[in-house]
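Chemist: Provided herewith is a single structure, encoded as structure tokens, for subsequent inquiry.
The values are calculated or read from the model by the stated rules, or taken from the named source; none is laboratory data. Remember, it's a predicted structure, so these values are computed and weren't measured experimentally. All Cβ positions, glycine included, derive from the backbone under ideal geometry; neighbour counts span all protein chains shown. For the accessible areas, the whole protein counts, side chains as well, though only heavy atoms, and no ligand, DNA or RNA atoms are used. Shrake-Rupley method; radii C 1.70, N 1.55, O 1.52, S 1.80 Å.
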Amino acid sequence: MLAATKAKVAPGKLLINGQWLQGSGHGFDTINPATGEVLTHVSEASAQDVGQAVAAARKAFDDSAGPWRKMSASERGKVLWRIADLLEKNIDELAELETLDNGKPIFESRYVDMPMVADVFRYYAGWATKIHGETVNTFNNAFTYTLREPVGVVGAIVAWNFPLLLASWKLGPALACGNTVVLKPAEQTPLTALRFGELCLEAGLPPGVLNIVTGGPETGAALVKHPGVDKVAFTGSTSVGKEIMRASAETLKRVTLELGGKSPNIVFSDSNMDAAVKGAVNGIFYGKGEVCSAGSRLFVEKKVEDEFTSKLVEYTRKIKLGDPLDPKTRLGAIVSEKQMQTVLSYIESGKKEGATLLSGGKRASVNGDRGYFIEPTVFGDVKNEMTIAQEEIFGPVLATLSFDDLDQVVELANKNIYGLAAAIWTNDVKKAHQLSRRLKAGTVWINTYGLMDAALPFGGYKQSGFGRELGMHAIDHYTELKTVWMNL
Ligand code: NAD
């Protein structure tokens, strides 16, 4: 029996100007990937609805009448803090909704994702009062200074793998800087964003400051195309990121892109092997491998390859795959049937191209075949040119490669279009820091994997995108810098 749920799953509507409205599109169902059953029906925003949401955001932003701009920075910070308080008050319900909609283990949504969402809002609540320009010494007869102003209306479009967390990475800094937002959650996982919208209104966020338009690619494209949107903040695939950049060029919107990854996880023979094995397993199977920064390419120094691989396989086989609502589950359901088929076809390509299947490799059955589960899968003898070593699979599939020395692993690790993250396992401090500098990646972990903090920037090199989310540097992407020169 799959576990019973407490969360209320209501039909989804659009949030526009503080009102819940029916979208004029056909609407769509959101599915529980653990059972294949419909959770509820969700409204779909047409281009016209998106226009209404953008107009509401513009009005709320407006200098003279807009409620958000009229509030002091301190008041805005307090609203963000109250949002964090309400998130924590409703954390069990939000975690359960996320798990129902996405299939991720409740252990992750309750103890990792949702606490970080609250943390992100608290972090940026603090920033609201610390955003300022500078007075600059130039000429004796001049008073010259800069103002740091919000960009305006932000269109935020996110993927389904960390639905509310990815939204918080955009909403926290956008709102702290005084922008207003139209958020489009992923069509596979709209439920937590909608519940979050209710909590924002309860926290006193004025109408129109946050608008939520649910729908698929067409709704997203309408938002990107809209001339009233000043900035697009996107998390999703590299191919859609490119489309968004092209569409944004028309009105020269500001754009930040958080895209795909194929992150190398590098294990040296002088590392703590047990810790590295756990790090390799968590690096790929956490979040079902549907993690942009997943350690999906594992490079093991040849000297220890056999010993390491056998421990890796043994540890992988112990992972508890099952009902995502069971607190003991560590590997949940793949987000959709389509994604499951994509992952299974990558597994087939690995076998066809000559990699050795060491563990898993099949669809798994949890209480019948209704849910979209895949066994934790490990490939050995992978060559860097193989499809499973080059393309982002976005599922629980690990490609294991070997290397002889540092120069070789630098070359292999960097030979990929992506550059989101990397990890190094070694007890040699010098080697760890030298290698950190040579890897083309936005984040490098040493003797750990996947840790994040609201205060640390996250983002990609190369085709993993540009701009940084989290930390103080996100503020740059949600503000414009104005120079004022007064003749004295
Ligand atoms: P996707 O690009 O298909 O969709 C992402 C979002 O964009 C969805 O909301 C979707 O409706 C919308 N969209 C699709 N086409 C659009 C268009 N033409 N115009 C505007 N919006 C459009 O991505 P996905 O498959 O849902 O998500 C997985 C991808 O996201 C992976 O590549 C993953 O690596 C990436 N990701 C990156 C990060 C990061 O921080 N770098 C984090 C999470 C996920």
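Chemist: Here are the criteria: (1) more than 14 Å from the ligand (Cβ to nearest atom); (2) under 11 Å from the mean Cα position of the chain (by Cα). Tell me which single one Leu171 does not satisfy.
Modeler: Exception for Leu171: condition (2).
Chemist: Among the numbered criteria (1) within 16 Å of the ligand (Cβ to nearest atom); (2) outside any loop (DSSP other than H, G, I, E, B), which one does Val300 miss?
Modeler: Unmet condition: (1).
Chemist: Could you say which residue among Gly27, Gly23 is out of contact with any Lys or Arg (no Cβ under 7 Å at 6 or more places or on another chain), free of Cβ contacts under 8 Å to residues at least 60 places away in the same chain and among the small types (Gly, Ala, Ser)? Spell out how you get there, then give the answer.
Modeler: Values: Gly23 fails: free of Cβ contacts under 8 Å to residues at least 60 places away in the same chain.
Just one listed residue meets the conditions, Gly27.
Chemist: Of all the residues that make up region 454-475, how many are closer than 13 Å to Tyr124 by Cβ and small (Gly, Ala, Ser)? Give the derivation first.
Modeler: We begin by selecting, within region 454-475, every residue closer than 13 Å to Tyr124 by Cβ; these are 454-455, 469-475.
With the extra rule that they be small (Gly, Ala, Ser), the set shrinks to 454-455, 471, 474.
Residues in region 454-475 being closer than 13 Å to Tyr124 by Cβ and small (Gly, Ala, Ser): 4 in total.
Chemist: Looking at region 196-211, can you tell me whether even one residue there is open to solvent by 10 Å² or more (accessible area, probe 1.4 Å) and within 16 Å of the ligand (Cβ to nearest atom)?
Modeler: no
Chemist: Another question about this same structure. Looking at region 358-372, I want the residues that are within 21 Å of Ile393 (Cβ to Cβ) and have a partner that is among the acidic types (Asp, Glu) and buried (at least 16 other Cβ atoms within 10 Å of the Cβ) with Cβ atoms under 6 Å, at least 6 apart or on another chain. Which pairs are those?
Modeler: Note: pairs meeting the criteria are Gly360/Glu375; Lys362/Glu375; Ala364/Glu375.
Chemist: With the condition kept exactly as written, say whether any residue in region 221-238 is among the basic types (Lys, Arg), more than 7 Å from the ligand (Cβ to nearest atom) and under 28 Å from Gly395 (Cβ atoms). Steps first, please.
Modeler: Start the filter on region 221-238 by keeping residues that are among the basic types (Lys, Arg), which leaves 225, 231.
When the remaining residues are screened for being more than 7 Å from the ligand (Cβ to nearest atom), the result is 225, 231.
Among the residues that remain, those that are also under 28 Å from Gly395 (Cβ atoms) are: none.
No, every residue in region 221-238 fails to be among the basic types (Lys, Arg), more than 7 Å from the ligand (Cβ to nearest atom) and under 28 Å from Gly395 (Cβ atoms).
Chemist: Report yes if some residue within region 133-154 is at pLDDT 95 or above, within 16 Å of the ligand (Cβ to nearest atom) and surrounded by fewer than 21 Cβ atoms within 10 Å (Cβ to Cβ); otherwise report no.
Modeler: no
Chemist: Residues of region 345-357 being among the hydrophobic types (A, V, I, L, M, F, W, C) and free of Cβ contacts under 8 Å to residues at least 24 places away in the same chain, which ones?
Modeler: Looking only at region 345-357, we keep the residues that are among the hydrophobic types (A, V, I, L, M, F, W, C), and these are 347, 355, 357.
The answer is Leu357, and nothing else.
Chemist: So which residues in region 379-410 are part of a helix (DSSP H, G or I), within 16 Å of the ligand (Cβ to nearest atom) and open to solvent by 40 Å² or more (accessible area, probe 1.4 Å), if there are any at all?
Modeler: Gln390, the sole residue that qualifies.
Chemist: Which condition does Phe61 not pass, out of (1) under 23 Å from the mean Cα position of the chain (by Cα); (2) open to solvent by 20 Å² or more (accessible area, probe 1.4 Å), if it passes all the others?
Modeler: Result: Phe61 passes all but (1).
Chemist: Here is a follow-up. Filter region 432-454 down to the residues that are farther than 17 Å from Asn416 by Cα, among the hydrophobic types (A, V, I, L, M, F, W, C), away from the ligand (no atom under 16 Å from the Cβ) and open to solvent by less than 50 Å² (accessible area, probe 1.4 Å) and list them by number.
Modeler: Ala432 - this is the single residue of region 432-454 that is farther than 17 Å from Asn416 by Cα, among the hydrophobic types (A, V, I, L, M, F, W, C), away from the ligand (no atom under 16 Å from the Cβ) and open to solvent by less than 50 Å² (accessible area, probe 1.4 Å).
Chemist: Tell me which residues, restricted to region 454-484, are without any contact (Cβ under 8 Å) to a residue 24 or more places away in the chain and either within 26 Å of Gly287 (Cα to Cα) or in a helix (DSSP H, G or I) (or both). Working first, answer last.
Modeler: Kept after step one, since they are without any contact (Cβ under 8 Å) to a residue 24 or more places away in the chain, are these residues of region 454-484: 456-457, 471, 473, 476.
Scanning region 454-484 gives Leu456, Pro457, Gly471, Asp476.
Chemist: Quick one: what pairs do we get from region 326-344, first residue touching a residue at least 60 places away in the same chain (Cβ under 8 Å), second surrounded by 14 or more Cβ atoms within 10 Å (Cβ to Cβ) and polar (S, T, N, Q), C-beta under 6 Å, 6+ apart or different chains?
Modeler: Final answer for the pair search is Val335/Asn102; Val335/Gln188; Ser336/Gln188.
Residues are listed down the side, and each one gets a yes or a no for (1) of a type in the set (S, T, N, Q); (2) in a helix (DSSP H, G or I); (3) modelled with pLDDT under 95:
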site	(1), (2), (3)
Leu2	no, no, yes
Gln52	yes, yes, no
Ala56	no, yes, no
Trp68	no, yes, yes
Val79	no, yes, no
Leu94	no, yes, no
Leu100	no, yes, no
Tyr111	no, yes, no
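Chemist: Can you pull out the residues in region 469-488 that are of a type in the set (D, E, K, R) and open to solvent by less than 70 Å² (accessible area, probe 1.4 Å)?
Modeler: Residues of region 469-488 of a type in the set (D, E, K, R): 469, 476, 480, 482.
Within region 469-488, Glu469, Glu480 qualify.
Chemist: So, Val181, is that one touching a Gly at 6+ places or on another chain (Cβ under 6 Å), more than 21 Å from Ala95 (Cβ to Cβ) and aliphatic (A, V, I, L, M) or not? So that I can check it myself, show each step before the final result.
Modeler: Numbers: touching a Gly at 6+ places or on another chain (Cβ under 6 Å): no; more than 21 Å from Ala95 (Cβ to Cβ): yes; aliphatic (A, V, I, L, M): yes.
For Val181, the condition - touching a Gly at 6+ places or on another chain (Cβ under 6 Å), more than 21 Å from Ala95 (Cβ to Cβ) and aliphatic (A, V, I, L, M) - is not met.
Chemist: Quick check on region 243-266. Is at least one of its residues more than 9 Å from the ligand (Cβ to nearest atom), in contact with a His (Cβ under 8 Å, 6 or more places away or on another chain) and hydroxyl-bearing (Ser, Thr, Tyr)?
Modeler: yes
Chemist: Yes or no: Ala413 open to solvent by less than 10 Å² (accessible area, probe 1.4 Å), away from the ligand (no atom under 16 Å from the Cβ) and among the aliphatic types (A, V, I, L, M)? Walk me through how you get there before you give the answer.
Modeler: Numbers: open to solvent by less than 10 Å² (accessible area, probe 1.4 Å): yes; away from the ligand (no atom under 16 Å from the Cβ): yes; among the aliphatic types (A, V, I, L, M): yes.
Spelling it out, Ala413 is indeed open to solvent by less than 10 Å² (accessible area, probe 1.4 Å), away from the ligand (no atom under 16 Å from the Cβ) and among the aliphatic types (A, V, I, L, M).
Chemist: Would you tally the residues in region 109-132 being within 16 Å of the ligand (Cβ to nearest atom), open to solvent by less than 10 Å² (accessible area, probe 1.4 Å) and in contact (Cβ under 8 Å) with a residue 24 or more places away in the chain?
Modeler: Initial filter on region 109-132 (within 16 Å of the ligand (Cβ to nearest atom)): 109, 112-113, 116-117, 120.
Adding the requirement that they be open to solvent by less than 10 Å² (accessible area, probe 1.4 Å) leaves 109, 113, 117, 120.
Okay, now just the ones that are also in contact (Cβ under 8 Å) with a residue 24 or more places away in the chain, so 113, 117, 120.
So the count comes out to 3.
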